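Asks: Take this structure, written in structure tokens, and hold onto it; I'll ask about it next.
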Amino acid sequence: MTYRDFSRQIDAFAAGLAASKFTPKHKMVIWAKDTAENVVAQLGAAKVGVEVQVLGAGASSAEISAALTDARALLFSPTLLPEEGAIKVLHELIPELKGLPERADQLVYSSQYPALRWVFNTGFERYPGMLKFEYVLSYTKETAGFAGAPGGIAFSGPGSPTSLALPFIDPDAKMPEIEPSREVC
């Protein structure tokens, strides 16, 4: 993925959220693996002013529940925990997802979390009541110009936040020294 591709996906995610009427008063919770989708979602949501709360992979049900209390959306990785553990946790917290028909991509109406309307999942599979990450992306010809202040991104434990590391950039790489030109006086 090039930086141009990365920037284009961030803009597409931001445009998708804006088209879905996300505003700076909204919050998105991310409980997902460390993948490009996770980073694109964080930066795209922040670009439209949405507050982002990132949960660690080992977050407890109580921590996830507290984060979802005032959230409009959740992005999660179904394979975050072994043996579909993440889906089981989600079905315990949002039992309304269990009753939805196969292949249902629709708004979520939860009695426990009245502000929650969207559950996005990463990966290749579709799950009832959830929208695949790629379906949020809205590519436009012109660069999305989003007004307002960017949203914040906060990490909630357990553990400590890790900074984004780009493995193909060597921090010890040296620029070649160029000899001064002989033609310059």
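Asks: Greater than 26 Å separation of Cα atoms is the criterion. Which listed pairs, K47/K88; K47/K132; K25/K98, meet it?
Replies: Over 26 Å apart, Cα to Cα: K47/K88; K25/K98.
Asks: Can you bin every Cα-Cα distance in segment 67-125 into 5 Å intervals starting at zero and give me the percent of pairs per bin, rounded to whole numbers?
Replies: 4, 18, 29, 31, 14, 4
Asks: Relative to the Cα centre, what is the charge dipole magnitude of segment 68-138, using +1 at the beta carbon of each Lys and Arg, -1 at the beta carbon of each Asp and Glu, and rounding to the nearest 20 debye?
Replies: The dipole magnitude comes to about 160 debye.
Asks: Could you work out the Rg to Rh ratio of segment 1-137, with Rh taken as the Kirkwood radius (inverse of the mean 1/r over all Cα pairs)?
Replies: 0.93
Quick note: the coordinates plus some simple rules give every number you see, no bench work behind them. Because the structure is a prediction, the values reported are computed rather than measured. Methodologically, a virtual Cβ is constructed for each residue, glycine included, from the backbone with ideal geometry; neighbour enumeration extends over all protein chains shown.
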